[in-house]
Amino acid sequence: MTGAPGSGKSTLVNRITTHLRKRGKSVGIVAIDPTSPFTGGAILGDRIRMQQHALDEGVFIKSLATRGHLGGLSASTIDIVNVLDAMGKDIILIETVGVGQDEVEIVKVAHNGTSWSSVPGLGDDNPGDQAGILEIAEPVRHQQIRPGRRR
């Protein structure tokens, strides 16, 4: 899940997780948050939006700060995804930090497609405002599911 800051990525990941848990799937969530350029800290606020899953043993949420890494992910995202895969999670969801036009590193990591959320009205006057980021989202009907992969 990727998209503009404040576009509802965490809320959507939360709802998808609720849906998957009702179907008995175990879920791993990697949530990327921005790092302060002044203090180096991160709020890791995605967990606040996903509190209903905090005590669910079928859900594992790992928040990561970007720590200056560009592209919408953290430098350790792939390592965390591999750990969640080794833990046997049925589904692994990755939520990028709020991104702009060219922060599309998620396409190198996601195996079954990328979803994109936007703030209403963003780019309506000029579709070129969204160039780059729009090109990474895949309609569900076109996604290729690779055998043996859980993500």
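Rundown of residues vs (1) of a type outside the set (D, E); (2) surrounded by 15 or more Cβ atoms within 10 Å (Cβ to Cβ); (3) within 20 Å of V99 (Cα to Cα), yes/no style:
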site: S10; (1), (2), (3): yes, yes, yes
site: V13; (1), (2), (3): yes, yes, yes
site: G40; (1), (2), (3): yes, no, yes
site: R49; (1), (2), (3): yes, yes, yes
site: A54; (1), (2), (3): yes, no, no
Open item on the list: Here's a check for you: in the stretch 75-102, which residue that is open to solvent by less than 60 Å² (accessible area, probe 1.4 Å) and farther than 25 Å from R21 by Cβ is modelled with the highest pLDDT?
Closed with: S76
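Among the residues in the stretch 19-39, are any among the polar types (S, T, N, Q) and within 21 Å of H111 (Cβ to Cβ)? Spell out how you get there, then give the answer.
Applying the first criterion (among the polar types (S, T, N, Q)) to the stretch 19-39 yields 26, 35-36, 39.
From what is left, the residues that are within 21 Å of H111 (Cβ to Cβ) are 26.
Checked the stretch 19-39: at least one residue is among the polar types (S, T, N, Q) and within 21 Å of H111 (Cβ to Cβ).
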- [ ] Scan the stretch 12-37 and report the pairs whose first residue is touching a residue at least 24 places away in the same chain (Cβ under 8 Å) and whose second residue is among the small types (G, A, S) and open to solvent by 30 Å² or more (accessible area, probe 1.4 Å), with Cβ atoms within less than 6 Å and a gap of 6+ or a chain change.
- [x] D33/A42; T35/A42
- [ ] Pick out the one residue from A110, A131 that is modelled with pLDDT under 70, of a type in the set (A, V, I, L, M, F, W, C) and on the phi < 0 side of the Ramachandran plot.
- [x] A131
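Looking at I43, is it closer than 23 Å to V119 by Cα and free of Cβ contacts under 8 Å to residues at least 12 places away in the same chain?
Working: closer than 23 Å to V119 by Cα: yes; free of Cβ contacts under 8 Å to residues at least 12 places away in the same chain: yes.
So I43 fits the description; yes.
The values are calculated or read from the model by the stated rules, or taken from the named source; none is laboratory data. Since we're looking at a predicted model, the values are computed, not measured. Because the Cβ atoms are built from the backbone with ideal geometry, glycine has one as well, and the counts that use them run over all protein chains shown. Protein only, heavy atoms only, side chains kept; ligands, DNA and RNA dropped before computing areas. Shrake-Rupley method; radii C 1.70, N 1.55, O 1.52, S 1.80 Å.
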